[in-house]
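Please treat every number below as a calculation from the coordinates, not as lab data. Computed from a prediction, not measured in an experiment: that's the story for all the values here. FYI the Cβ positions are ideal-geometry reconstructions off the backbone, even for glycines, and counts take in every protein chain you see.
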Amino acid sequence: MPMFHNGNRELQDAFGSRALADKLVENLRRSEFTDADKAFIESLDYFFLATSDPVGRPDCSFKGGPPGFVRIVQPDLLVWPDYDGNGMFKSLGNIAINPSIGMLFIRMGDAPKRLRCNGRAEISFDDPLIETFPGAQGIVRVTPIDIFPNCPRYIPDPAAAKPSAFIPEAGKTPVEPGWKNNPAWKDVVPPRKA
């Protein structure tokens with residue numbers, strides 16, 4: 001399945017980033033979790049979940065639990081528990097009729113990091129894993145399609161009350177992230193538009 005559609009491509013062409021986008025996908029995209037992905041995801045106590053209804057109207061939700069509440073149980077399977085909520089079942093209801101989801105795992109602080117996972121989800125209310133998640137009323141199982149690390153440059157450090165050093169400021173030259181000078185990407189990084 002291609003990662004980009006015409007809308008992506010038109011903007012990549014307008015900003016001169018098509019070659020960079022293709023090289024990033026070629027070098028970073030995967031469909032199975034690595035040991036490093038597993039360690040990162042299982043260290044977190046929250047993630048953001050994107051779902052959509054049958055006509056494509058999106059919904060974004062915060063999901064939280066103790067570190068390790070999201071588990072990589074095999075390289076091509078991620079699970080997390082569904083806990084009691086507000087009873088609207090926006091996320092699970094969307095998954096029930098449209099299993100395509102997006103997940104964003106993010107760590108803030110002095111060592112920011114983020115990882116995207118797009119995949120297909122299914123819900124089980126009698127899954128044997130329920131017993132291993134205290135308080136779970138169901139389990140969501142995700143088969144990844146696209147796992148993709150994402151540049152963390154705009155992530156703040158809330159504990160230090162510091163915004164990202166990369167946020168543009170009027171009258172100042174923007175700080176460039178180090179990866180833009182990496183020999184693996186440097187030849188395809190387009191110049192800034194603004």
- line: Taking the chain, the lysine pairs whose C-alpha atoms sit under 14 Å apart (8 or more places apart or on different chains) add up to 4
- line: Mean-square fluctuation maximum in Gaussian network of the chain, Cα pairs under 10 Å, restricted to 181, 98, 118, hits 181
- prompt: Given H placed on each backbone N at 1.01 Å, which residues far from residue 77 in sequence or on other chains put an amide H within less than 5 Å of it?
  reply: 33
Counting all C-alpha pairs of the range 1-91, share separated by more than 20 Å (%): 57 percent
- request: Return 32, 131 ranked ascending by Cβ neighbour count within 10 Å, so the fewest neighbours appear first.
  value: 131, 32
- line: Percent of all Cα-Cα pairs per 10 Å bin for the chain, counting from 0 up to the last occupied bin, reads 8, 29, 34, 21, 7, 1
field: Helix-only [θ]222 nm of the chain, DSSP H runs n ≥ 4, -39500 (n - 2.57) each, per residue, nearest 500
entry: -5500 deg cm²/dmol
